[in-house]
Amino acid sequence: MNYTPAQLIALLIPALPLFGFFIHFLFGKWIKPGFSGWIASFWVFVSFLFSASLFLQIPKEGKQHVHLYTWLKSGAFQVDFAFTIDALSSIMMMLITGVGTLIHLYSIGYMHNDKEIRRFFSYLNLFVFFMLILIMADNFILLFAGWEGVGLCSYLLIGFWYQNHAYNAAANKAFIVNRIGDLAFLLGVFLLFQHTGTLTFESINQFFSSGQPVIPNSSVALTTEPLAPGTILAITLLLFLGATGKSAQIPLFTWLPDAMAGPTPVSALIHAATMVTAGIYLILRNHALFMLSPATMDIIMATGLLTSIFGGLVALKQHDCKKILAYSTVSQLGLMFFALGLGAYHAAFFHLLTHAFFKALLFLGAGSVIHALHGEQDIRRMGGLAGKLKLTRWVFLAGVLAIIALPPFSGFFSKDAILLAAYQKSPLWWLLGLFAGLLTVWYMLRLYFVMFHGNSRLDQQQEKSLHDAGTEMAVPLVVLAVFSVAGGLLNIPSLFLGNQWLSTYLSSVIPLSVSHVSHATEWVLMGTSTLCVLGVTLFARNKYSVLKHVPCEDNSLKNNRLQYMFAGKFFVDEVYHAVIVNPVQKLSDFLFSYIDRKWIDGLVEGTGRLSLFLGSKWKETQNGFISYYLFAMALGMIGILVIFILL
Amino acid sequence: MLSVLSILLPALSSLFISLGTRDWARRISLASVFLSMILVVLEGFLLKPTAEMQHVFQSAWMSSAGIMFYFGMDSITWVMLLLSNLAAFVSVLLTEVPKERNPKLVFALILAMQALMNGAFLSIDLFVYYVFWELSLIPAFFLLLLWGNGKIQKTTLKFFLYTLAGSLFMLAAIIWLGISGPTIGFGLEKMMGLTLPHETQVAVFVAFMVAYAVKIPIFPFHTWQAETYSSAPIPLTILLAGVMLKMALYSMVRWVIPIVPDAMLSVGPVFLWLAVFGIVYASVIALKQTEIKKLFAWSSMAHVGLIAAGILTASPDGLKGAVLQMLAHTINALAFLMGVHLLSKWKKAGGLADFGGVRNMDPFFGGLFLLFVFSFISVPFTAGFPGEVMLLSSLFHWNEWSSFLAGLAMILGAVYMLKAYQLLMLGPANPEFTQYGAFQNPMSLSDKLLMLALATLILFLGLFPQRLLEWIDNPIQNILNTN
């Protein structure tokens, strides 16, 4: 087979991290632990360079398609191992390999004391491979392979420290909750296939833009009439349910906070920057399909908004710095779905990118603190770190300012785009979106001030050994901080005389939507939201920095119902346990001991006993007495005679 | 002619072992299963992916009754032969019998079982098929009785009588089929040419399906399974789960669909829904199982139920997925049971909670076992995935809800398998193992190589299933087009 250079590059991009994985898997024993991270980082970095070169080529040469081989085929059910790289996927690939490289580098410092550092890096490389498959796949089933593959790596990395059963439980939970979404995803794909007869994104998009089935040599009998709205609704809802699993939205978000059991770089890479955005990518990839179902779009919007507010409220009352960030991720992802539901695809994708920068930064910053404090994650036992961890403090602050959407940091631009889209739909949505944003301001500043300002609450040993991030950790922090600050430049709105570079680049995949809002309204909206952010910032600063308030212990919250609900995460886990997990376990017992053992097997054994019983009774007729036999014979003859007469 | 060699080789080896000395029993069996594997590969090379039967051997037996020794294979049969001999290979490799427990008999029985099961796959005379089908129970019966543990007499009797009773209906139907039609005879060609009235088809279908429902097993004919699997020694469990139940699935493809296609469509759905219900039922029950082998039995019922359901859709996707998944399930079962076998070397116990902390001791074993578990729960790029996705897709085409119900096993399977893996392998280091010092050399080189080979097979089948699918395409079209 002949591949063009661009196609070869496209093949190498996922192949290199996979190669890195196999090197570790096969020759791990002979790699020096300190060296392992460099090897792993190297492959991802080369992938990044290749991704960048593709990214530059695409505007000139259009999208690239690479067909490796046919994976599965039966009639029209054809799944190729094939990639399509267009504007959307090329940016995602850059993001994954770029942020991936930084986090690999960071991990060299972060994990240097771990005995199993080689296993760690092999998993990270494997993750990058699967994530790339997910993004590059040209059809639903291959995307699903990547989709499950990243879930698998997430499982491996959450439970990386497998000696701890609590971590293992968190890993299992992540995998299982995702599997619920995966089943919905798969059923959605089957339904889609049943009606369109194809599995590739391109033909499906073609199908929905032209309304005509595009099925090369199909053997499946297809309905020729256009799809019923109910069918499209079902397809999109099933796919969206799949997306809620991977992207931690209501109702399947519960695994993400628990997933913080994994090492912090994992939380940054998988559970903030890349894997959890897969659901958003899925909808972006199939936006033509989702557009056809306004009801689904509304559901996506409502779910996103609800999740965003929910995540923000819960984050207000958490004490574990990683948990706060996790709920913050849930909340920000919710905002992205909110934007998707509004049809503001470009805004959603823009926020996906800026969020990847600042949330990865925040996680890595938090990791730097946790590393310095030897594993302490409770912000109530931190405080006053600003003076001692200078670098970490400044980069963390950059991340905080970006996420709270203060101009001119990156989050400001992306959130503003979302709010603008919300306003176009209805001022109410704008207001609710703003509310979710203000929750972010509060809990992030609370996190920042309680960690870095106020009085130190460290113990003596921690004080003594306090040290800032080493070079391997510092470089990624600084790079991500630069992107968090300046990421807004990617897509400066025309309001600021920008050229909307990102949207323009993306418009080959997702058409630009035209804004109907006058510049004057935009200025008012932006001004209002910025003022609100500033106001909340001042309040938070006053409470946590000036007054040095430290969050109180959990049990003192019992008096305040609302705060108790926030701190208890609205008890969603408990409800799921009571409503789903426990009944299923009870059902299992019931089915096994009552239905299976008692009834079904009872019937089987009963049949056996019945035949034994009948046999033993029948045996008595064979008693050896001639007179008895004669009597029986006479009786039989009489019986036959009677039957003859009667007939 | 080649096909009959696959029966004769293990059969003669079995005879040879029982005549030979104890010390040579294992070596001869190893040589025999190894040669059988080579023979399968050779047969595969010489096989053309066409619809007709190849490597045919035909010789009269009871000509007055139209019964003949009639063997042959197409590519579907070949897949069965592959999994059968693969399972026999692993089974023999894992068999270590102390001298006082009569190794000669054990090995002779294993090889006899292999020969008889190969015979059942290869027969294309329905009567001879039945003879092999029934005879293969006998070595299983003795292996279980002489070599099992637990309440062995009762379990053995139940297993034997239950599966035998199921088959008697099939025998009646076979005889009826043999004497109906223009000539008396049992050959595949005649059977495929029969056009039976619908009522007759239904009767024949039900008679066959009762036999298969017990063997597969399909709910509610499954109660013999969990006890049998947990009492049986691992090499026998491998043969039962890896091969014997596939005999039933294969027979549905080979005999039931071509002979009674109309009944398949009219009454088949009853069994299909039973199978689908059984998938959920078995998966839910598996959640609370505490013994490894019982967990395996229930999960096996769930997996095999999906294959049965796919066959019962009588669609090309369903059949292809089924053949693929039969091979995958055998490989998965071999891999999983191999892991269980190695665990039993660490500690003589069967409960999930008896282990833990194994991965610390042996990361190699722990890592590969994880791959096996992932293949079991059909993660993409492992053997378990392609077949499962095709089966679910074919079910979806048949009825959306059946696919949804069967798909629940994807979730429930993840729940119980990950829990099992966690309990068996993860957690803090287990002081028991360090005390005994057994972990220092728990796996022999052959164990390691075998595990690696199985891991390779799992990845290979997961990544490149297409060759196999293409290869079985013609015979499957042929089977579906007989009516």
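If you stretched the chain out fully between A:LYS425 and A:TRP38, how much longer would it get, using 0.36 nm times the residue separation minus the C-alpha to C-alpha distance? Walk me through the numbers on the way to the answer.
Working: separation 387, 0.36 × 387 = 139.32 nm, distance 4.89 nm.
Length difference between fully extended and current span is 134.4 nm.
Apply 1/(1 + (r/R0)^6) to the Cβ-Cβ distance of B:TRP61 and B:LYS347, taking R0 = 41 Å, and write down the FRET efficiency to the nearest 0.05.
Values: r = 51 Å, r/R0 = 1.23.
So, using R0 = 41 Å, E works out to roughly 0.20.
Classified by the C-alpha gyration tensor, segment A:426-524 has an oblate form. Its axis ratio a/c, with a ≥ b ≥ c, is 1.5 or above, and a/b does not exceed b/c.
Please give the residues of segment A:101-116, grouped as numeric ranges, whose backbone N is less than 15 Å from a label point set 7 Å along the Cα-to-Cβ vector of A:THR471. Those under the cut-off are A:105-106, A:108-110. Residues whose amide H falls under 5 Å from that of B:GLY187, counting only those 5 or more places apart or on a different chain, are B:LEU126, with hydrogens built in the peptide plane. When A:MET565, A:MET633, B:MET338, B:MET80 are arranged by Cβ crowding within 10 Å, least crowded first, meaning fewest neighbours, the order is A:MET633, A:MET565, B:MET338, B:MET80. Using bins of 10 Å that start at zero, the share of Cα-Cα pairs per bin across segment B:61-198 amounts to 11, 33, 32, 17, 6, 1, in whole %. Only DSSP H runs of four or more residues enter the estimate; each adds -39500 (n - 2.57), and after division by the residues of chain A the mean residue ellipticity at 222 nm equals -22500 deg cm²/dmol.
Based on alpha-carbon atoms, the Kirkwood radius and the radius of gyration of segment A:290-407 give Rg/Rh equal to 1.07. Need the list of lysines near B:LYS48 for cross-linking: C-alpha distance under 27 angstrom, and skip anything on the same chain fewer than eight residues off. Here the lysines satisfying the reach criterion relative to B:LYS48 are A:LYS73, B:LYS190, B:LYS246, B:LYS320. Relative to the globular-protein estimate of 2.2 N^0.38 Å, the Cα radius of gyration of segment B:259-395 stands at 1.18. Positive end of the dipole of segment A:322-447 (Cβ unit charges, origin at the Cα centre): among A:TRP394, A:GLN377, A:LEU420, the Cα lying farthest that way belongs to A:GLN377.
Could you give the size of the charge dipole of segment A:524-647 about its Cα centre, using +1 on the Cβ of each K and R and -1 on the Cβ of each D and E, expressed in debye and rounded to the nearest 20?
Values: 12 positive and 9 negative charges, 100 e Å.
In debye, rounded to 20, segment A:524-647 gives about 480.
Label segment B:169-260 by shape, choosing from rounded, prolate and oblate, from the square roots a ≥ b ≥ c of the eigenvalues of the Cα gyration tensor; if a/c is under 1.5 it is rounded, and otherwise prolate applies when a/b is larger than b/c, oblate when it is not. It comes out prolate by the Cα gyration axes.
A straight chain from B:LYS154 to B:PHE45 at 0.36 nm per residue would run longer than the Cα-Cα distance by 34.8 nm. Take the alpha-carbon centre of segment B:35-98, take the same for segment B:299-370, and report the distance between them in whole Å. Here the answer is 24 Å between Cα centres. Convex hull volume of the Cα atoms of segment A:26-174, normalised per residue: 132 Å³.
Modelling each spin label as a point 7 Å along the Cα-to-Cβ direction, I'd like the B:THR183/A:HIS112 distance in nm, to one decimal. Result for the modelled spin labels: 8.5 nm.
Within a straight-line Cα-Cα reach of under 16 Å, A:LYS598 can be paired with the following aspartates and glutamates, leaving aside sequence neighbours fewer than 8 residues apart in one chain: A:ASP589, B:GLU227.
Over all directions, the average projected area of the alpha-carbon convex hull for segment B:1-142 comes to how many nm²?
On the way: hull surface 33.8 nm².
With every direction weighted equally, the projected area is 8.4 nm².
Rounded to two decimals, the Cα-based Rg/Rh of chain B, with Kirkwood Rh, is 0.95. Legend: mean number of C-beta atoms from other chains within 10 angstrom of residue C-beta atoms, peptide B:175-184, equals 0. Taking a straight Cα-Cα cut-off under 18 Å and skipping sequence neighbours fewer than 8 places away in the same chain, the aspartates and glutamates within cross-link reach of B:LYS104 are B:ASP23, B:GLU96.
What is chain B's relative contact order, in percent, from Cα pairs under 8 angstrom and six or more apart in sequence?
Details: 777 pairs, mean separation 74.9, N = 483.
About 16 percent, as a whole number.
Output the pairs from A:LYS317/A:LYS464; A:LYS586/B:LYS288; A:LYS619/B:LYS158 with a Cα-Cα distance over 20 Å in this structure; if there are none, say none. Could the numbers behind the result be given before it?
On the way: A:LYS317/A:LYS464 30 Å; A:LYS586/B:LYS288 9 Å; A:LYS619/B:LYS158 23 Å.
Pairs exceeding 20 Å: A:LYS317/A:LYS464; A:LYS619/B:LYS158.
Set the Förster distance to 25 Å, then compute FRET efficiency between A:LYS390 and A:HIS549 from the Cβ-Cβ distance, nearest 0.05.
On the way: r = 24 Å, r/R0 = 0.95.
For A:LYS390 and A:HIS549, the calculated efficiency is 0.55.
Annotation: the residues B:LYS288, A:LYS173, B:LYS154, B:LYS348, sorted from fewest to most other C-beta atoms within 10 Å of their own C-beta, follow the order B:LYS348, B:LYS154, B:LYS288, A:LYS173.
Residue separation times 0.36 nm, minus the C-alpha to C-alpha distance between B:GLU100 and B:ARG22: what's the value? Write down the numbers at each step before the final one.
Numbers: separation 78, 0.36 × 78 = 28.08 nm, distance 1.02 nm.
Here the answer is 27.1 nm.
Across segment B:55-77, the residues whose backbone nitrogen lies under 15 Å from the label position 7 Å along the beta-carbon direction of B:LEU8 are B:55-60, B:69-72.
Got a sec? How would B:TRP273, B:TRP224 order by Cβ neighbour count within 10 Å, fewest to most? Intermediate results must be reported in sequence, preceding the final value.
Numbers: B:TRP273 17, B:TRP224 23.
Neighbour counts put them in this order, fewest first: B:TRP273, B:TRP224.
Placing one identical point scatterer on every Cα of segment B:130-212 and ignoring solvent, what is log10 I(q)/I(0) from the Debye formula at q = 0.11, 0.14 Å⁻¹? Normalising to I(0) and taking log10 leaves -0.41, -0.58.
Where the only charges are on Cβ atoms (+1 Lys, Arg; -1 Asp, Glu), what is the dipole of segment A:254-406 about its Cα centre, to the nearest 20 debye? Don't jump to the answer; show the numbers that get you there.
Numbers: 10 positive and 5 negative charges, 91 e Å.
Dipole about the Cα centre, nearest 20: 440 debye.
Directionally averaged projected area (the protein assembly as shown, Cα convex hull): 53.0 nm².
What does the charge dipole of the protein assembly as shown about its Cα centre add up to, to the nearest 20 debye, if the Cβ of each Lys and Arg holds +1 and the Cβ of each Asp and Glu holds -1? Numbers along the way, then the final one.
Working: 63 positive and 52 negative charges, 513 e Å.
Dipole about the Cα centre, nearest 20: 2460 debye.
When the charge dipole of segment B:247-375 is built from unit charges on Cβ atoms (+1 for Lys and Arg, -1 for Asp and Glu) and taken about the Cα centre, the candidate among B:ILE292, B:HIS303, B:LEU324 whose Cα reaches farthest toward its positive end is B:ILE292. From the Kirkwood radius over Cα pairs of segment A:224-358, Stokes-Einstein at 25 °C and 0.890 mPa s returns a whole-number translational diffusion coefficient of 165 µm²/s.
How many angstrom lie between the Cα centre of segment A:259-327 and the Cα centre of segment A:64-121? Result: 20 Å between the Cα centres. Gyration tensor over the Cα atoms of chain A: the corresponding equivalent ellipsoid has semi-axes (square roots of 5 times the eigenvalues, largest first) of 54, 33, 27 Å.
Only the coordinates and a few stated rules stand behind these numbers; no lab work does. Note that the coordinates shown come from a computational prediction; the quantities given were computed from them, not determined experimentally. Note that we place each Cβ from the backbone using ideal geometry, even for glycine, and neighbour counts take in every protein chain shown.
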